[in-house]
Amino acid sequence: MSFFKTLQEKPWETPETVSVEGSHTDAIDQTLDPAKIALRFIMAVISVLFFLFIITFLSRSQYPDFEALAGQPWQPFSDASRLWINTLILALASLSIQFGVRRAREQRSDAVVIGVSLAAFFSILFLVAQLDLWRGMLSMGFYVNTNPANSYFYALTGIHGLHLLGGLIVLANVVFRIWYDEKFSSISRPLQHCATYWHFLFGIWLLLFALLTSEAETINTLAGLCGF
């Protein structure tokens, strides 16, 4: 019998690995989580998309018809107050959904509902504020086709808003599961994926915010570093 027992031994497993087999299996499950892999792929695609837009923005900024760098008053380059407000709103959305994730791990249903609801509220408020900013710019005559600077502003903020809207659709499914699924172990992980996506979009927005509110000298310097 000792011979067969020896054959069944796994020398590559340390005693510590065997003792924490359950947690080790959970770690493997999280690493191989299809939703997590899909989320990473989506974030990679979005990153490449915005990277290409920013590169073309820097390239196009060197043409004389790019009014935003001609020293003329232009929203939001000359007045970023509205963008600061929108940034604060999106930051609150990111903090709220992270609050919901932590409460889900503690299995506090009421707190989870509050956190997710606030995240959805601030996200929708951000989109509404962006649309109101667009409306204000249009009322001042800054149309999409007026000059390339306007076009890039609408394109960058619009694409970002669409990705946030897509996240809200996924978050709605998580909210449905919160209301009808009492097993928080099955809710915590999808909610964490949503939080990761929200933090990612907030980081993208900070990059766009810094770019769109940069001085002409800064944008010209960045363009020069890129070879434009």
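The values are calculated or read from the model by the stated rules, or taken from the named source; none is laboratory data. Nothing here was measured: the structure is a model prediction, and the numbers come from that model. No Cβ is skipped: glycine too gets one built from the backbone with ideal geometry, and neighbour counts run over all protein chains shown.
Consider A80 carefully, then state whether it is surrounded by 12 or more Cβ atoms within 10 Å (Cβ to Cβ), at pLDDT below 90 and at negative phi. I'd like the intermediate steps shown before the answer.
Working: surrounded by 12 or more Cβ atoms within 10 Å (Cβ to Cβ): yes; at pLDDT below 90: yes; at negative phi: yes.
The answer is yes for A80.
Being in a helix (DSSP H, G or I), crowded, with 19+ Cβ neighbours inside 10 Å and of a type in the set (V, I, T) is the requirement here; does V174 meet it?
Values: in a helix (DSSP H, G or I): yes; crowded, with 19+ Cβ neighbours inside 10 Å: yes; of a type in the set (V, I, T): yes.
Yes.
Answer yes if at least one residue in the stretch 95-104 is among the hydroxyl-bearing types (S, T, Y), more than 22 Å from T213 (Cα to Cα), modelled with pLDDT of 95 or more and assigned to a helix (DSSP H, G or I), and no otherwise.
Checked the stretch 95-104: at least one residue is among the hydroxyl-bearing types (S, T, Y), more than 22 Å from T213 (Cα to Cα), modelled with pLDDT of 95 or more and assigned to a helix (DSSP H, G or I).
So which residues in the stretch 186-218 are modelled with pLDDT under 90 and among the aliphatic types (A, V, I, L, M)?
Of everything in the stretch 186-218, those that are modelled with pLDDT under 90 and among the aliphatic types (A, V, I, L, M) turn out to be I187, L212, A216.
Kindly establish whether F53 is in a helix (DSSP H, G or I), closer than 16 Å to L191 by Cα and not aliphatic (A, V, I, L, M).
When the stated conditions are applied, F53 does not pass them.
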